[in-house]
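> Okay, handing you the structure first.
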Amino acid sequence: MSSLSLSHVLLLSPSVCLSNTGDGNPRESSPFINNTDDDKGTLYDGKNMALFEEEMDSNPMVSSLLNKLANYTNLTQGVREHEEADEDEGAKKKTVKSPQMGTFIGVYLPCLQNILGVILFLRMTWIVGTAGILESFIIVSMCCSCTMLTAISMSAIATNGVVPAGGSYYMISRSLGPEFGGAVGLCFYLGTTFAGAMYILGTIEILLTYIVPSAAIFKAEEKAQEADALLNNMRVYGTCCLTLMALVVFVGVKYVNKLALVFLACVVLSILAIYAGVIKTIFEPPVFPVCLLGNRTLQNHDFDKCMKTEIIDNVTVTTKLWSLFCEGPELNASCNEYFSLNNVTEIQGIPGLTSGVISENMWGSYGPAGMLVEKAVPSVPASVASQDKYMPYVANDITTFFTLLVGIYFPSVTGIMAGSNRSGDLRDAQRSIPIGTILAIATTSIIYLSCVVVFGACIEGVVLRDKFGDSVKGNLVIGTLSWPSPWVIVIGSFFSCCGAGLQSLTGAPRLLQAIARDGIVPFLQVFGHGKANGEPTWALLLTAVICESGILIASLDAVAPILSMFFLMCYLFVNLACALQTLLRTPNWRPRFKYYHWALSFLGMSLCLALMFISSWYYALVAMLIAGCIYKYIEYRGAEKEWGDGIRGLSLNAARYALIRLEEAPPHTKNWRPQLLVLLSLDSELSVKHPRLLSFTTQLKAGKGLTIVGSVLEGTYLTRESDAKRAEQSIKSAMAAEKTKGFCHVVVSSNLRDGFSHLIQSAGLGGMKHNSVLMAWPANWKQSNDPQSWRNFIETIRETTAAHQALLVAKNVDSFPHQERLAEGTIDVWWIVHDGGLLMLLPFLLQQHKVWRKCKMRIFTVAQLDDNSIQMKKDLQMFLYHLRLNAEVEVVEMAQLIHDRNTASHAALNDNSDATPERVHMTWTKEKFCTERTRNREPNASVAVRDLFNMKPEWESLNQSNVRCMHTAVKLNEVVVNKSQGAHLVLLNMPGPPKSRGGDENYMEFLEVLMEGLNRVLLVRGGGREVITIYS
């Protein structure tokens, strides 16, 4: 082969390592849909690539890669798959057709159908009448701007790679991580479910109010009971309707799919009928008379003629209207005062586009529940208004204010995700989703804004504020404007609401199923199962139950703000995801849609947040609480998914920024806390030998500060790389079991000593380095055949001292408490030398944890011959008071150690200065000490204590120094055992190792004797700096 082509392959092949990481851990998903083992044989088919032959499994040939990508198709999703599974009846599945939907059919129309709906038909006129044209325009503009900005962010995310089934949930979870994904996915699910409840309530409201009012089961005896009767009817019929719709969805989604076009046609025809009616009002306004008594609007269900009396055959007789306000039909019957004082007038409900009514409808008319709908004309007020609620006036059914209307209106702009949810059915999703969604939002925004103006310009204000059309003989108010008949809108809106309800009940269970199958919320996993063809049966059941709770609320106006919250929360996070990815400039962030900017996303996010609190601050807080709880639950359960999300990128950026800001200089004493490097030993099975060391770490840290858990394997990295990974997994499992939060670091080194040395020197990063080392005492060092184990231990002590790091050594660490709380007891501190105050700080930190909370702190210090022990105790108490530490203080006098110095004996010892070098290696056990003590009974205790803690034995007096050190260890041990044998934990100053390595074994003996007879001991060696201060 030519050198040119070989160099070409050399350049390309390292960049195509796609299928495996080479460590036996495949990545989350291959970019190939059908990447099976059968293909492995075809990866390497050329004999002229011998140079790369061994890597062919992990690094496929470029030609093979391109061939797979060319054959890649987005499988059609959701409903169509289930439909085919139904039709196959277990036979061989059909070949899945390649998606053929374009922008118009696949995105634009579904979005249009989802956005236009129940609120436009049932509440838009009422919102315009109540808020006025100007404020309604502001409401519509805010909500449409919010969805437009969200659509821009969504377009950027949707065009940044392939979006599989799950649409918006998939986009958010893969952009913001499993915690946010789960929280927002469930919010979106709840929003879609409550939307289903809202559409069903809308369907029933149209049915009972405008189509067959006589079908009502509950009928009001009096006018005051009408509202309750309506709500009860809504509950009964709504539950029946929900059951029917759920059955339809359960039996076969294909029927819902086939009816989608019918529902869409209903919406489009209804919109066209409204605009046709508006144009017709210019030439010939429809006749819908409205009857006013004084300035009050009357419900004209029960009378035909808007007059008090009429003349029939020259006789003045009373009308039906008279009977409603008077005690009888007689002309002299006593009547309602307001009725007697004011005349009846009739006005046109639809004056028409050119009538000039627009100026009257420009401003809002908010008021409390029960406020009468009045026109701004003169009238004579009655002295008593208590009877008004029993009269057939049109009145507000709820208290109205601007923010309430925002919450009720917002659901009419939701539905913008319909296109992205069908991304798999599109011919070119990356082109269709942005164009289709943005065009649909632009179209619906124009429709809504124009409706605000034309409703205000064509319809009388009192009719606009009449929510249920009582003043126009119970007609749908928007229907009175339409052409050719009000029934076009009534029937159209009825089927539109039915269709939207069915689609919500179809979409919501699939969304829940997608979340459940992702496995990020464990308690939802049951909802991932379904029928044999994948239909989400259990998810449908849960959706129906939640939907029923919305139906039991029974009021469209009460349900709308609830689903507004959930949708706004979802849109907020879509904007956040886009802004984060843009600002972090993650390498994978390469959307094909270029017309986005982080500032637009932040504006959209801010608008979503503002609308949430404008609509209903308490619902907003509840929605955030729900999302927050789900987030913390997923975080607590440990989301093991790795989706390359933006929050992880943000964490990395924040960590990098913080590390750079964090000076490498040591922190101020006030900020000092033990940042631990825990040195663990592993057994032959690579399991942690002393897991309680991790428990103790957790108790000491209480989740704060830095914890690095390190271990060393002997060998070379090339031969033990898999062992190192297994060891790391083993340590991570132990850390999880012991609830230790921190980092794990396993080093492979030619010997243990060098490995631990590397960890002590290099663990951590920048300013985030450890300042303390925690390890277990080598319990069986005497019995060990290999002296290297305890020599490594002493070398580790020397290296921590050289690195100016504190050292904590736990004896009998396996007997330390796990998670169980200790009963009342003491933590005893034996403060012999001051090396920075760490001895005092450690018990305080332990007491912050629930395990040690009941333990009291006791501090013992040793008084020498020339010390005033009473004054020492007072000084120590004052010192602890200034340190704000609560502890009992006791000064121990070591009188029993003190003897007069015998100069003759000392001289005799000095004569022995020609001791042979072999004496250096003699190990000083307790038995040897006893025999030596009989020869020399008069060592100076103060010198001995000093020698034990600063072992600098000279050649000529080595033997004597060993006697003194062992003498001190024995006597000190006696006192400690006497005072602290019952303590839960004993903290002791740790003497430093001898400068000469020849005395190492003696040193281990001294420490063994010092701790003899004590159960839990923590030897503490300071790092040579103050770690505790009396200053604030």
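The values are calculated or read from the model by the stated rules, or taken from the named source; none is laboratory data. Just so it is clear, the structure is predicted and the values come from calculations on it, not from any experiment. Please note: Cβ atoms are built from the backbone with ideal geometry, for glycine as well, and neighbour counts cover all protein chains shown. In case anyone asks, the SASA skips ligands and DNA or RNA and just uses the protein heavy atoms, side chains included. Shrake-Rupley method; radii C 1.70, N 1.55, O 1.52, S 1.80 Å.
> Mind listing just one residue for me: the one in the stretch 372-419 that is modelled with pLDDT under 85, under 19 Å from ARG465 (Cα atoms) and part of a helix (DSSP H, G or I) and, of those, least open to solvent (accessible area, probe 1.4 Å)?
Only one residue tops the list, namely ASP388.
> Any residue at all in the stretch 209-224 that's in a helix (DSSP H, G or I) and β-branched (Val, Ile, Thr)?
Yes, the stretch 209-224 contains at least one residue that is in a helix (DSSP H, G or I) and β-branched (Val, Ile, Thr).
> Do we have any residue at all in the stretch 802-823 that's within 23 Å of LEU759 (Cα to Cα) and open to solvent by 50 Å² or more (accessible area, probe 1.4 Å)?
There is at least one residue in the stretch 802-823 that is within 23 Å of LEU759 (Cα to Cα) and open to solvent by 50 Å² or more (accessible area, probe 1.4 Å).
> Let me ask another. Among (1) under 30 Å from PHE303 (Cα atoms); (2) not in a helix (DSSP H, G or I), where does TRP363 come up short?
Among (1) under 30 Å from PHE303 (Cα atoms); (2) not in a helix (DSSP H, G or I), TRP363 violates only (1).
> Something else about it: Which of (1) small (Gly, Ala, Ser); (2) at pLDDT below 80; (3) closer than 17 Å to VAL1020 by Cβ is the odd one out, the single condition SER784 does not satisfy?
(3)
> Something else: Hand me the list of strands (runs of 3 or more DSSP E) wholly inside the stretch 651-765 holding 3 or more residues that are out of contact with any Asp or Glu (no Cβ under 7 Å at 6 or more places or on another chain) and either open to solvent by 40 Å² or more (accessible area, probe 1.4 Å) or without any contact (Cβ under 8 Å) to a residue 60 or more places away in the chain (or both). Walk me through how you get there before you give the answer.
Working: elements: 676-679, 707-714, 743-749.
Output list reads 707-714, 743-749.
> Based on what the data block shows, is PHE121 touching a residue at least 12 places away in the same chain (Cβ under 8 Å), surrounded by fewer than 24 Cβ atoms within 10 Å (Cβ to Cβ) and more than 22 Å from the chain's Cα centre (by Cα)?
Criteria not met by PHE121.
> Here's something else I'd like to know. Cβ-Cβ distance below 8 Å, separation of 6 or more or different chains: which pairs start in the stretch 203-221 with a residue that is of a type in the set (Lys, Arg) and end on one that is open to solvent by less than 20 Å² (accessible area, probe 1.4 Å)?
Pairs that qualify, where the first residue is of a type in the set (Lys, Arg) and the partner is open to solvent by less than 20 Å² (accessible area, probe 1.4 Å), are LYS219/ALA229.
> Still on this structure, I have one more. Here is a check on your reading of the model: is VAL344 surrounded by 13 or more Cβ atoms within 10 Å (Cβ to Cβ) and aliphatic (A, V, I, L, M)?
The answer is yes for VAL344.
> Right, another one. I'm checking my understanding of the structure. Among residues of the stretch 834-868 that are among the polar types (S, T, N, Q) and in contact (Cβ under 8 Å) with a residue 60 or more places away in the chain, which one is most open to solvent (accessible area, probe 1.4 Å)?
The initial filter retains those residues of the stretch 834-868 that are among the polar types (S, T, N, Q), namely 847-848, 861, 864, 868.
Retained after the next criterion (residues that are in contact (Cβ under 8 Å) with a residue 60 or more places away in the chain): 848, 864.
Values: GLN848: 89, GLN864: 47 Å².
So the residue we want is GLN848.
> Suppose the filter is more than 30 Å from ARG296 (Cβ to Cβ), more than 37 Å from the chain's Cα centre (by Cα), of a type outside the set (Ser, Thr, Tyr) and surrounded by fewer than 24 Cβ atoms within 10 Å (Cβ to Cβ); does VAL453 pass it?
No, not satisfied.
Yes or no, residue by residue, for (1) in contact with a helix residue (DSSP H, G or I) (Cβ under 6 Å, 6 or more places away or on another chain); (2) open to solvent by 10 Å² or more (accessible area, probe 1.4 Å):
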site	(1), (2)
GLY161	no, yes
TYR169	yes, no
ALA183	yes, no
TYR210	yes, yes
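> Something else: If I ask for residues that are closer than 21 Å to PRO778 by Cβ, over 32 Å from the mean Cα position of the chain (by Cα) and of a type outside the set (Asp, Glu), which ones from the stretch 682-722 would you list?
LEU682, SER684, LEU686, SER687, VAL688, LYS689, HIS690, SER711, VAL712, LEU713
Residue-by-condition table, conditions (1) under 51 Å from the mean Cα position of the chain (by Cα); (2) at pLDDT 85 or above; (3) small (Gly, Ala, Ser); (4) under 25 Å from MET857 (Cβ atoms):
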{"position": "VAL986", "(1), (2), (3), (4)": "yes, yes, no, yes"}
{"position": "ASP1000", "(1), (2), (3), (4)": "no, no, no, no"}
{"position": "TYR1003", "(1), (2), (3), (4)": "no, no, no, no"}
{"position": "MET1011", "(1), (2), (3), (4)": "yes, yes, no, yes"}
{"position": "ARG1021", "(1), (2), (3), (4)": "yes, yes, no, yes"}
{"position": "GLU1026", "(1), (2), (3), (4)": "yes, no, no, yes"}
{"position": "ILE1030", "(1), (2), (3), (4)": "yes, no, no, yes"}
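> Does any residue in the stretch 237-262 that is in a helix (DSSP H, G or I) come within less than 9 Å, Cβ to Cβ, of a residue that is aromatic (Phe, Trp, Tyr) six or more places away or on a different chain, and which pairs are these?
VAL248/TYR255; VAL249/TYR255; LEU259/PHE495; VAL262/PHE495
> Right, another one. Tell me which residues, restricted to the stretch 976-994, are out of contact with any Ser or Thr (no Cβ under 6 Å at 6 or more places or on another chain) and open to solvent by less than 10 Å² (accessible area, probe 1.4 Å).
Within the stretch 976-994, VAL976, SER980, LEU985, LEU987, LEU988, ASN989, MET990, PRO991, GLY992, PRO994 meet the criteria.
Residue by residue, here is whether (1) touching a Gly at 6+ places or on another chain (Cβ under 8 Å); (2) surrounded by fewer than 23 Cβ atoms within 10 Å (Cβ to Cβ); (3) at pLDDT below 90 holds:
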{"site": "GLY436", "(1), (2), (3)": "yes, no, no"}
{"site": "THR443", "(1), (2), (3)": "no, yes, no"}
{"site": "LYS473", "(1), (2), (3)": "no, yes, yes"}
{"site": "VAL477", "(1), (2), (3)": "yes, no, yes"}
{"site": "VAL490", "(1), (2), (3)": "yes, yes, no"}
{"site": "PHE495", "(1), (2), (3)": "no, yes, yes"}
{"site": "LEU505", "(1), (2), (3)": "yes, no, yes"}
{"site": "ILE520", "(1), (2), (3)": "yes, no, yes"}
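> Would a scan of the stretch 219-235 turn up a residue that is touching a Gly at 6+ places or on another chain (Cβ under 9 Å) and surrounded by 15 or more Cβ atoms within 10 Å (Cβ to Cβ)?
The initial filter retains those residues of the stretch 219-235 that are touching a Gly at 6+ places or on another chain (Cβ under 9 Å), namely none.
No, the conditions are met nowhere in the stretch 219-235.
> Further question: Looking at PHE879, is it more than 23 Å from LEU807 (Cα to Cα) and surrounded by fewer than 18 Cβ atoms within 10 Å (Cβ to Cβ)?
Taking the combined requirement at face value, the residue satisfies it.
> Could you look through the stretch 145-154, keep only residues that are modelled with pLDDT of 90 or more and open to solvent by less than 10 Å² (accessible area, probe 1.4 Å), and pick out the one that is nearest to LEU404 (Cα to Cα)?
CYS146
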